[in-house]
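Asks: The following block contains the structure, expressed as structure tokens.
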Amino acid sequence: MLTPAERAVGRWWRDQQQAALDALNAVCPPDESRRPFVRHIRHLCPAGKHRSISFDYAELYLPSPQMSVLVKQAHSPAEAGISLGDPGDTDGERVEIPAGRFAFIYHEGRCAGCKRTARSKTGRVVDGLTRKPAGKVVTSIV
Ligand SMILES: [Zn+2]
């Protein structure tokens, strides 16, 4: 079970990774995006005489780094829930998050023939303690 503070950190970290994925998709737009449960993408390959060929839509698993963050409780009803404090601020709860506590998962694939590309538009964060990698482990979204 995640504590509320861990959940807040997980959400914050997910937003960082999603921003990196959005940036990558803006610079290198994929030809298509599929839902995360898709494992293989079948297409009529122009490099293969328009035969139906599939390529892997492989999982990329990005473990979270070790994080030490200050989590602030909401002081007024206007502040919704928990927010992350400034690093110099000491008014809050210091939460140490070990490396690999979360993982950001997205999918990517490319046809070896026609170079058609696929990449997730949206990744998701999982509990790194219970959800282990099912594919390649990466250290950053590039
Ligand atoms: Zn192809």
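The values are calculated or read from the model by the stated rules, or taken from the named source; none is laboratory data. This one's a predicted model, so the numbers in the text were calculated from it and none came from an experiment. With ideal geometry, Cβ positions are generated from the backbone for all residues, glycine too; neighbour counts draw on all protein chains shown.
Asks: Within the stretch 31-63, can you find the residues that are within 30 Å of Thr130 (Cα to Cα) and part of a loop (DSSP other than H, G, I, E, B)?
Replies: Scanning the stretch 31-63 gives Ser33, Arg34, Arg35, Pro36, Phe37, Val38, Arg39, Tyr57.
Asks: Out of curiosity, is Pro36 farther than 24 Å from Lys121 by Cβ and at pLDDT below 95? Give the steps one after another, and end with the answer.
Replies: Details: farther than 24 Å from Lys121 by Cβ: no; at pLDDT below 95: yes.
No: the conditions fail for Pro36.
Asks: For residues that are assigned to a loop (DSSP other than H, G, I, E, B) and either within 22 Å of His40 (Cβ to Cβ) or within 16 Å of the ligand (Cβ to nearest atom) (or both), tally how many sit in the stretch 89-142. Even if it seems obvious, please write down each step before you answer.
Replies: To start, the set of residues in the stretch 89-142 that are assigned to a loop (DSSP other than H, G, I, E, B) comprises 89-92, 98-101, 111-116, 120-123, 128-135, 138-142.
Narrowing further to those that are either within 22 Å of His40 (Cβ to Cβ) or within 16 Å of the ligand (Cβ to nearest atom) (or both): 111-116, 120-123, 131-135, 138.
Total satisfying the criteria: 16.
Asks: Condition (residue is at pLDDT 90 or above, surrounded by fewer than 17 Cβ atoms within 10 Å (Cβ to Cβ) and not charged (D, E, K, R)) applied to the stretch 83-94: is it met by at least one residue? Give the steps one after another, and end with the answer.
Replies: To start, the set of residues in the stretch 83-94 that are at pLDDT 90 or above comprises none.
Within the stretch 83-94, not a single residue is at pLDDT 90 or above, surrounded by fewer than 17 Cβ atoms within 10 Å (Cβ to Cβ) and not charged (D, E, K, R).
Asks: Of the residues that sit in the stretch 24-47 and are free of Cβ contacts under 8 Å to residues at least 24 places away in the same chain and of a type in the set (A, V, I, L, M), which one is surrounded by the most Cβ atoms within 10 Å (Cβ to Cβ)?
Replies: Leu44
Asks: Being surrounded by fewer than 17 Cβ atoms within 10 Å (Cβ to Cβ) and not charged (D, E, K, R): is that true of Gly123 here? I'd like the intermediate steps shown before the answer.
Replies: Working: surrounded by fewer than 17 Cβ atoms within 10 Å (Cβ to Cβ): no; not charged (D, E, K, R): yes.
Against the criterion (surrounded by fewer than 17 Cβ atoms within 10 Å (Cβ to Cβ) and not charged (D, E, K, R)), Gly123 does not qualify.
Asks: Which residue pairs have Cβ atoms closer than 8 Å, lie 6 or more positions apart in sequence or on different chains, and pair a first residue in the stretch 120-131 that is in contact (Cβ under 8 Å) with a residue 60 or more places away in the chain with a second residue that is of a type in the set (Val, Ile, Thr)?
Replies: If the second residue must be of a type in the set (Val, Ile, Thr), the pairs left are Gly123/Ile105; Arg124/Ile105; Val125/Ile105.
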